Amino acid sequence: LWGRARSVPPPCSRCIAIALIGVDSRLTDPTAHADANHVVLIDPSSGRITIVAIPRDTPADAGFPDTSRYNKLAHVRAQRGLKAHLATLAELIGIPEIHYYAEFGFSQAFALLRLLRFGNPAEVLRVLRARTGIWGDDYHRVYVQAQFIRQQLLRWFDSYNTPWGLALLRGTLGIVNTNLTVGVLTRLADTLRARGFPADSNAVSIVVYGVPL
């Protein structure tokens, strides 16, 4: 699996882009740092999904002097706000824009894991936040997080239009800060299903931005 992750996302000018952002404090804190950044690219024409995992220390304009070591992705959210952060994500991976976003802090992540029926959310969060691995530091962490997102997409996809699935969508959207709606998500899922998603094991692929392959 490690070797199958790429460092640059494939061209996808017509993809629907959804940013998943994990912050290091309460959502009401305007100085929250974006410690986890993933962009889910949904290609309506092929019925495939690419998850782009972007390390928090990726160089980015956070508004500090050019020589500052603080000009990195994690600080853009805190220093320049959510809108600038979304624009930075789009620029980094070479897409026109981020269409939707979902942002959550520690307490929201804990609640989401409960909603997804994990019995020990604290242990799951510990694993998802670990930085020690084959690539070291944040490359490992964002890859593991992307794999988790991939697994949950495949695990729950067939349930999205059931009473439980709709309840899960509503519960999730009620926990996070987002511009997504149940209607948007079900329409996207319908589009994917019409294209045979998930057709095979490559229906959801992972890109680790900037990984030193």
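The values are calculated or read from the model by the stated rules, or taken from the named source; none is laboratory data. Here the structure is a predicted model, which means the values were calculated and not measured. Every residue, glycine among them, receives a Cβ derived from its backbone with ideal geometry; neighbour counts consider all protein chains shown. All accessible areas refer to the heavy atoms of the entire protein, side chains included, with ligands and DNA or RNA removed. Shrake-Rupley method; radii C 1.70, N 1.55, O 1.52, S 1.80 Å.
The share of accessible area on the stretch 73-213 that comes from carbon and sulfur is 55 percent, using a 1.4 angstrom probe. Remark: relative contact order (the chain) = 30 percent; criterion is Cα-Cα distance under 8 angstrom and separation of 6 or more residues. Counting every alpha-carbon pair across the stretch 121-213, the share separated by more than 24 Å comes to 35%. The length gained by stretching the chain between R114 and K83 to full extension, at 0.36 nm per residue less their Cα-Cα distance, is 8.2 nm.
Compared with the dominant principal axis of the Cα atoms in the chain, helix 163-175 is inclined by about 20°. Rolling a 1.4 Å probe over the heavy atoms of the protein chains gives the chain an accessible area of 50 Å² per residue. Of the peptides 12-21, 177-186, 87-96, 64-73, the ranking by mean beta-carbon count within 10 Å, highest at the top, reads 12-21, 87-96, 177-186, 64-73. Annotation: peptides 187-197, 116-126, ranked by per-residue average of other Cβ atoms within 10 Å with the highest first, follow the order 187-197, 116-126. Measuring spread by the Cα atoms of the chain yields a radius of gyration and Dmax of 16.5, 53 Å. Between helix 106-115 and the chain there is an angle of about 20 degrees, using the helix long axis and the longest principal axis of the Cα atoms.
For the pair Y70 and L125, a Förster radius of 25 Å applied to the C-beta separation gives a FRET efficiency near 0.45, rounded to the nearest 0.05.
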